[in-house]
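Just so you know, all these numbers are worked out from the coordinates, no wet-lab data involved. In this text the structure is predicted, and so the values were computed from the model without any measurement. Heads up, the Cβs are rebuilt from the backbone with ideal geometry, glycines too, and the neighbour counts pull from every protein chain shown.
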Amino acid sequence: MLIGSVCLALMLALPLVASCGPATPEEATEEIAELEDELSAEKAKSAGLEADVADLEAEITALKAPGEVQRWEPACWAGAGVFWDALNLTCDYITEMSDGRIVATASAPGAVCPVEEQMDAVALGTTEAMCTSLSYAGGKVPVTYVACRGAEVPRSPAELRHLLEIYQGGRIRELCSIGMAEYGDIHLVGNVYAPGGDILASTIPVYGIADLEGLTTRCHTEQAKAFTALGAAAVYIPGSEIYTALATGTLDATIWGNVTEDVAISLQEVTQYWVSKPLLGGPYGETFLVNGTVWAGLSDDLKAIVEAAVQVGSLYNFTTTQAATPKTWKFVEDYGIEIIEWPEEDCARYAEELKAAFATRGEEIEDARFDEAMAIVAEWAAEAGY
C-alpha cells in the first residue's frame, strides 16, 4: 500500500513539473535570433581584432629585421682637392641620412674603372653610382659636350646652373638625361657645380700663343681642338699620370683644373710657369649618376636623400673653391712659380678658337640634341648680353 501511495503521488506531481518548465521553442525564436546576431557580431569583432594584431606583429617584426644595405663606391675624376672633398661629403651625407641603408664611400679614380669609363660602368650596372665628368662622356652622348661647361659661355656656376636647369624649363639638362638613358641604364641625379678656371701649368714659359708651337700639352675635348689649332701637340693621359709625365719630360705642360686642383696634386713641384690669364675653361657641372635599375628600386625617401646629398656636395665645391682660389694663387707665387698673363689679343684669339671648336664639333657629330642644346646656349647668351 505504501509503494502504491508513492507511485500515485509521483503521477499527480508530473503535470505540475511540466507546467513550470521553459518556454516552448516557438516562443523563444525571436530572442534566440537576437542573441545569435549579437554572438556573430562579437565573433566578427574578435576576428578583426586578431587580424589587426597579426598585422601589427608582422610590421614590428619587419622593422626589427635587418634591412638590405646597399654599398656604393662612387668616384670622380680627382683623388685629391676640393672636388674630391665634395664627393666625400656627398657620400657621408647619403650614409648618415639614410641611417646606413646606403653606405656610400668615395673611391679613388681608377679603383673601380678608368675615369673615362665611369658612365659605362654605371650603365652596365658594374657599379651603382659615379660622379663623372661630362668631358669624358661627349663622345658617347654628344649633347654632354654642351652641358659640361655650357659651351664655355656662362661665367659663373650660378649662370651655368641657370642655363642647364632653369632656362627653357631645364631643357639642356633634360636632353642630357634622355641621351644618357638611351645610351644605357643610367639615371642622372644632379649636377655638381664648380667655378672652373682651368690653367696651363708648364715646364717651359708660355707667354702667349706664339709659344704654343710644338708644345706637348695634356688636354682633351674642345680645349684640345683649340690648342691644336694654335700649334700645340695635344695629348691625353689619365690625371694620375700627369705628375710623372711632367717630371720625366714626357709632357711640357698640362691643363688639369683650376689652381686649387693643380696644387692638390702638387703640380707646383714639377712645373715652373702657370698661366693665369686667360683661364682656359669656365665653370663646370659634373654629373652624379646612378644605375637606372638601382634608382628605380630606391624608396622615395632614399631618392630624396641622394638628390639632397648631391646639392650639398655642389654647394661645398663651389663655395670652398671660391674662397680658396686667391689664397692658392698667393701660395703658388710664394712657392716660386712664375705667373703669366697673355696679351689681350691672344686671350681673344683663344676664345675664338674655343668657340670654333664647338661649332665644328656640331658639324662632325650631326646630333639633333647637340644642335638643339647649342641653339639654346645661343639664345641664353644673347639674353645675357654675351
Nearby lysines by direct alpha-carbon distance to Lys45 (threshold 16 angstrom, same-chain neighbours under 8 apart not counted): none
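Let's test the formula: R0 of 30 Å, r as the Cβ-Cβ distance of Ala304 and Arg71. What FRET efficiency results, to the nearest 0.05? Provide the component values of the computation, followed by the final result.
Details: r = 20 Å, r/R0 = 0.66.
About 0.90, to the nearest 0.05.
Under the 0.36 nm per residue contour assumption, what length would be gained going from the current alpha-carbon distance of Leu315 and Thr360 to full extension? All intermediate terms of the calculation are to be shown ahead of the outcome.
On the way: separation 45, 0.36 × 45 = 16.20 nm, distance 3.36 nm.
12.8 nm is the gain from fully extending Leu315 to Thr360.
Can you work out the FRET efficiency for the pair Tyr207 and Gln168, with r the C-beta to C-beta distance and R0 = 45 Å, to the nearest 0.05? Walk me through the numbers on the way to the answer.
Working: r = 42 Å, r/R0 = 0.93.
Here the calculated transfer efficiency is 0.60.
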List the aspartates and glutamates whose Cα lies under 15 Å from the Cα of Lys43, skipping any in the same chain that are fewer than 8 positions away. Glu34, Asp52
Counting only DSSP beta bridges with both residues in the chain, what percent are antiparallel, rounded to the nearest 5? 60 percent
Point-to-point label distance, Ser156-Thr216, nm (Cα→Cβ direction, 7 Å offset): 4.1 nm
As a quick test, which of the pairs Lys140/Lys303; Lys225/Lys327; Lys277/Lys327; Lys330/Lys355; Lys225/Lys355; Lys140/Lys277 have an alpha carbon distance above 21 angstrom in this structure? Lys140/Lys303; Lys225/Lys327; Lys330/Lys355; Lys140/Lys277
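Can you tell me what share of the DSSP beta bridges in the stretch 148-266 is antiparallel? A percent to the nearest 5 is fine. Could you put the intermediate results ahead of the total?
Working: 3 of 8 bridges.
Percentage antiparallel, nearest 5: 40.
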Name the residues whose placed amide hydrogens come within less than 5 Å of the amide hydrogen of Gly281, ignoring near sequence neighbours (fewer than 5 apart) on the same chain. Gly197, Asp198
Under the Karplus relation with 6.51, -1.76 and 1.60 and θ = phi - 60°, whole-Hz ³J(HN,Hα) for the stretch 280-288, x at Gly and Pro, equal 8, x, x, x, 10, x, 5, 10, 8
Take the Cα pairs of the stretch 164-282, get the Kirkwood Rh, then feed it into Stokes-Einstein at 20 °C and 1.002 mPa s and tell me D in µm²/s. 135 µm²/s
So how do 334-343, 247-256 stack up, highest first, on mean other-Cβ count within 10 Å? 247-256, 334-343
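Using the Kirkwood radius built from alpha carbon pairs, what does the Stokes-Einstein equation give as D for the stretch 248-376 at 37 °C and 0.692 mPa s, in µm² per second? Let's see the in-between values first.
Values: Rh = 18.5 Å.
Answer, rounded: 177 µm²/s.
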Expected vector for the stretch 147-164, Karplus 3J(HN,Hα) from phi with 6.51, -1.76, 1.60 and θ = phi - 60°, integer Hz, x for Gly and Pro, equals 5, 3, 9, x, 6, 6, 8, x, 10, 8, x, 5, 5, 5, 4, 4, 5, 7
Cys347, Cys113, Cys219 arranged by Cβ crowding within 10 Å, fewest neighbours leading: Cys347, Cys113, Cys219
Under 5 Å, built H, 5+ apart or other chain: amide partners of Val192: Glu286, Thr287, Phe288
Can you list the HN-Hα couplings for the stretch 47-52, worked out from phi with the Karplus curve (6.51, -1.76, 1.60; θ = phi - 60°), rounded to whole Hz and with x for Gly and Pro? 5, x, 5, 4, 5, 4
Burial ranking of peptide ranges 349-359, 138-148 (average Cβ count within 10 Å, highest at the top): 138-148, 349-359
Pull up all non-local amide H partners of Gln70: gap of 5 or more, or a different chain, and H-to-H distance under 5 Å with H placed in the peptide plane. Ile102, Val103
Here the gain from full extension of Glu36 to Ala368, 0.36 nm per residue of separation minus their alpha-carbon distance, amounts to 111.9 nm
What distance in nm lies between label points placed 7 Å from Cα along the C-beta direction at Glu333 and Ala296? 5.6 nm
Debye calc, one equal point scatterer per Cα of the chain, no solvent, log10 I(q)/I(0) at q = 0.09, 0.10, 0.14 1/Å comes to -0.60, -0.70, -1.21
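Using the count of nearby Cβ atoms within 10 Å as a rough guide to exposure, how do Glu307, Glu30 rank from fewest to most? All intermediate terms of the calculation are to be shown ahead of the outcome.
On the way: Glu307 13, Glu30 9.
Going from least to most buried by this count: Glu30, Glu307.
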